[in-house]
Amino acid sequence: MVKTISEQRRKDLDEAIELYLSAYQKKDFVNDDFVEYAGYYRITNEPFSKFLAKANFSDTTKTLSVLSSGDQVFEMVRKGIKKIDTFDINRMTEYFALGFKKRAIECLTYEQFLSLNKYDRIVTKHNNENLEIEKYVIENMEEEYKWFWQELIASLKGEGFNVSVFHFVIDYLYLTKFHYSRNPYMADKEKYKELQQKLLKAKITFQQADIKELPKKFQQYDLIYLSNILEYHEDIFEKSGFPPEEAIKLLKKIYNKMLNNYGEIILTDLMNWFYPEFCGEKLFKENHELIIDGSDRGYILKKKK
């Protein structure tokens, strides 16, 4: 049975299309990661599977994660987590990761999915085969996402643009075999099939929010995946009068208010501006575990009872 779109949701989608069309035509969206309507990442560039391998969770783990490309969320589902709440400052991540990409995994073969995301494919030169695959995915989406993508693409084509879902990605993330190797379901056909089956039974929710809103919009969790959000000192914190010490205060608030006893927060790519502040804090110094050092520096914060 097809799920109908509520009146409020249709208004939200109409607004999204109007604002995104404006951003796309101005070409603003590809250069700004921190706005409500922006380009989005096609795949992750983080070695998230190494971080998740160190985390302690089961199928009942109450989980919150940044959405972004969706890949770390999909890996959590593949590993058995059945319900995940997600957030992102960029609302377009919902329409791509949960609308298009999730459905693409569910209904395409492994070979079709890789063809659609071929690492040496140039986004602006879609071949006819990939356009047909993309059309097939859109036609088989949930009704609200199907309506959104059909309306958005039709609006741009009507103004002379020859577009597809992949015209909206932030393409300075270079797609290479190296990045594929970091993503288990793209690197292994059997893991892709495993993910396909588990996605059909998983429940993934989304709320538009930036990291500063998390304590207000969400409750408590056993596992919180923050990716490299706290890396963005200049973009999120400094420009808005939010210096490193305030970022530390925010992380403390998330740790104390949002994390259940024995819960864990995964932090990836802590850069030089934040690293000394993080390690200098007694709370974090006593409770964090280094997972990966170097350019992919990552940690798990573990909350004791």
Worksheet item: Simple spin-label model, 7 Å along Cα-to-Cβ: LYS252 to ALA53 in nm?
Response: 3.5 nm
Item to complete: Once you have the Cα-Cα distance between LYS217 and GLU15, take 0.36 nm times their residue separation minus that, and quote the gain in nm to one decimal.
Response: 70.5 nm
Worksheet item: Which residues' amide hydrogens lie under 5 Å from the amide hydrogen of GLN207, considering only partners 5 or more residues apart or on another chain, with H built in the peptide plane?
Response: THR86, PHE87, ASP88
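For the range 28-109, what D do you get in µm² per second when you plug the Kirkwood radius from alpha-carbon pairs into Stokes-Einstein at 37 °C and 0.692 mPa s? Display every interim value, and only then the final one.
Values: Rh = 13.6 Å.
Roughly 242 µm²/s, to the nearest whole number.
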Worksheet entry | Protection proxy ranking, peptides 56-62, 68-74, average beta carbon neighbours within 10 Å, highest first | 68-74, 56-62
Fill in: Distance between modelled label sites at GLU139 and ASN261, nm, 7 Å Cα→Cβ extension
5.5 nm
Discussion item. Given a Förster distance of 45 Å, report the FRET efficiency between ALA154 and LYS282 from their Cβ-Cβ distance, rounded to the nearest 0.05.
Written reply: 0.20
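At 0.36 nm per residue, minus the direct Cα-Cα distance, what do GLN112 and LYS189 gain on full extension? Give it in nm, one decimal, please.
Net length gain for the segment: 26.6 nm.
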Worksheet item: Between GLN8 and HIS167, what length in nm is gained on full extension when 0.36 nm per residue of separation is reduced by their alpha carbon distance?
Response: 54.5 nm
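We did not get these values from a lab; they are worked out from the coordinates using the rules stated. None of the values given here were measured: they were computed from a predicted structure. Don't worry about glycine lacking a Cβ; one is built from the backbone with ideal geometry, like all the others, and counts go over all protein chains shown.
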